[in-house]
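What follows is a short report on a single structure.
Rule-based calculations on the coordinates, nothing more; no lab input. Everything numeric here is computed off the predicted structure, so don't read it as measured data. Because the Cβ atoms are built from the backbone with ideal geometry, glycine has one as well, and the counts that use them run over all protein chains shown.
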Amino acid sequence: MATNQDVFGEALTIVPLIHVPVQPLQQVLAIGPGAATTVAYALRYPTFAEVVIVGEQPPHAQRQDKRIKVVARLEDLAPEWKADLVTVSLMGISEGVVQQLRKHMSPGAVASIAVDRASVLRSTKDLLKKHWPNVAPYREHCPEVSWFFMVSDRSWIKHRPVPAVAKRMTDRYLPALFTLAKDEYNALFGAAS
């Protein structure tokens, strides 16, 4: 049985993960409370050589894995360090955070960004659109609605199936996350004229 934390973590992590092109020596950046799920899924793939967690300690079972690094703040990352997969679950996304993310994403990287409240959906979408050409909103019920944006410089192509170990997410369920009701669409884009 999937817990609310499992459902949130899968939506935050699996959705971008399956869209990341498969290459050797990829890097992951995980920020916020969803980081543990990101670490758990990313380390299942041998292409991910390093996972950097910002501001949180990895779960005890993962602390011995040499691929995991922890930094206190985004600013502590080396300027040349680049991630291929990024997950962010913070209270509020500012222009400064977005600029730091952009600086540390490789060309073609995919990120998912959780939105902490529905009232900032449109402003968050507009902020992200200033930095990435591809911004896709999606939502999951955890059991209340949680909102996310997937962002990238490249178009969306699935490069991996949904991992079989996922507790709720499946390849058939995934499109439902991107299918918005009329009121949800209006909250993001405004009412149609």
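Structure notes:
- Anisotropy class of region 4-186 from Cα gyration tensor, a/c 1.5 cut: rounded
- Amide H partners (placed H, <5 Å) of A83, local residues excluded: M105, S106
- Within straight-line cross-link reach of K125, aspartates and glutamates at Cα separation under 14 Å, skipping those fewer than 8 residues along the same chain: E95, D116, E184
- Amide H contacts under 5 Å for L90: A114, restricted to partners 5 or more places along the chain or on a different chain, H placed in the peptide plane at 1.01 Å from N.
- For region 157-171, 3J(HN,Hα) computed residue by residue from phi via the Karplus equation (6.51, -1.76, 1.60; θ = phi - 60°) reads 9, 6, 10, 9, x, 4, x, 5, 7, 4, 7, 10, 5, 9, 4 Hz, glycine and proline entered as x.
- CD proxy at 222 nm, helix term only [per DSSP H run n ≥ 4: -39500 (n - 2.57); per residue of the chain; nearest 500]: -7500 deg cm²/dmol
- Taking the Cα centre of region 1-84 as reference, the dipole from Cβ charges on Lys and Arg (+1) and Asp and Glu (-1) amounts to some 200 debye.
- Cβ charges +1 (Lys, Arg) and -1 (Asp, Glu), total dipole of region 4-186, debye: 300 debye
- Distant-in-sequence amide H partners of W156 (H built 1.01 Å from N, under 5 Å): none
- Given K130/K182; K103/K130; K69/K103, the pairs whose alpha carbons are separated by over 23 Å: K130/K182
- Global geometry of region 108-193, whether rounded, prolate or oblate, following the gyration tensor of its Cα atoms and the 1.5 cut on a/c: oblate
- Residue-by-residue Karplus 3J(HN,Hα) for region 109-126, coefficients 6.51, -1.76, 1.60, Hz, glycine and proline x: 5, 10, 10, 10, 10, 7, 10, 7, 7, 5, 5, 10, 4, 5, 5, 5, 4, 5
- Considering only A11, A36, A164, the Gaussian network model of the chain with Cα springs below 10 Å gives its largest mean-square fluctuation to A164.
- Note: relative contact order over region 4-186, using C-alpha pairs below 8 Å and six or more positions apart, is 25 percent.
- Positive-end ranking of T87, S123, A72 along the dipole of the chain, with charges on Cβ about the Cα centre, is headed by T87.
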